[in-house]
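Below: one structure, written as structure tokens.
The values are calculated or read from the model by the stated rules, or taken from the named source; none is laboratory data. Quantities reported herein were computed from a predicted structural model and do not represent experimental measurements. A quick note on method: Cβ atoms are made from the backbone with ideal geometry, for glycine too, and the neighbour counts reach across all protein chains shown. Keep in mind that these areas ignore ligands, DNA and RNA; they rest on the heavy atoms of the full protein, side chains included. Shrake-Rupley method; radii C 1.70, N 1.55, O 1.52, S 1.80 Å.
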Amino acid sequence: LFEREGDRFVARGMDGAVVLSAGGAARLEKSAEVWIEIVPEGWSASVGQIDGSAVTFAGAEPDTDAVWVLAGERVLEEFRILRSPGASPVARYAIRLGPGLRGARLRNGRLEALDRNGKVAFHTDTGRAVAVDARGERRAVTLALDERRGVLETRVDVSGLSYPVVIDPSWIWTPAAW
């Protein structure tokens, strides 16, 4: 469960910690050396509201709420809730890596962060990166990584969908790093 520590929300004990801060930045960490920070670009500095294993950032973007949820051990879910056609179906995230990680790549449709030995330490769950509309229609979420800038982009085609639309890329940290 998340606990408030000043202006941050922290969950510990899952082979590391998850730290959320104002503006929606999420940091998954195993140690001071091995961590990945996922920083949404363009989110407001809204203060999150804690509810057990979830933190909600209302109005993170225009017509968009964001919810970070601990969904079991080593899984952090981010739900972007597009409330209307005025919400952007594209999100960009700055990806920052701790000194114990050597880089990030896009492989088979998922983002992977590699440890010093080239093993996957963190990754998105490709099978779960989806968008679901108010009628239950599902669409694939595509990922693109600008390795030079360290920016991940998620995109979904919302044409013909009914609002609200929930976009769900999952962030997972894997035992291979430990």
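Listing for the model above:
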| quantity | calculated |
| --- | --- |
| Count of region 36-60 residues which are over 16 Å from the mean Cα position of the chain (by Cα) and closer than 15 Å to V10 by Cα | 5 |
| Single condition G72 does not satisfy, out of (1) open to solvent by 60 Å² or more (accessible area, probe 1.4 Å); (2) part of a loop (DSSP other than H, G, I, E, B); (3) at pLDDT below 90 | (1) |
| Checklist (1) over 30 Å from S159 (Cβ atoms); (2) surrounded by 20 or more Cβ atoms within 10 Å (Cβ to Cβ) applied to A22, failing item | (2) |
| Matching residues in region 40-51 - criterion: being open to solvent by 30 Å² or more (accessible area, probe 1.4 Å) and outside any strand (DSSP E or B) | E41, G42, W43, S44, A45, V47 |
| Odd one out for A17 among (1) more than 29 Å from R135 (Cβ to Cβ); (2) touching a residue at least 12 places away in the same chain (Cβ under 8 Å); (3) open to solvent by 20 Å² or more (accessible area, probe 1.4 Å) | (3) |
| One residue from E37, E33, E61 being within 14 Å of A17 (Cβ to Cβ) and surrounded by 16 or more Cβ atoms within 10 Å (Cβ to Cβ) | E37 |
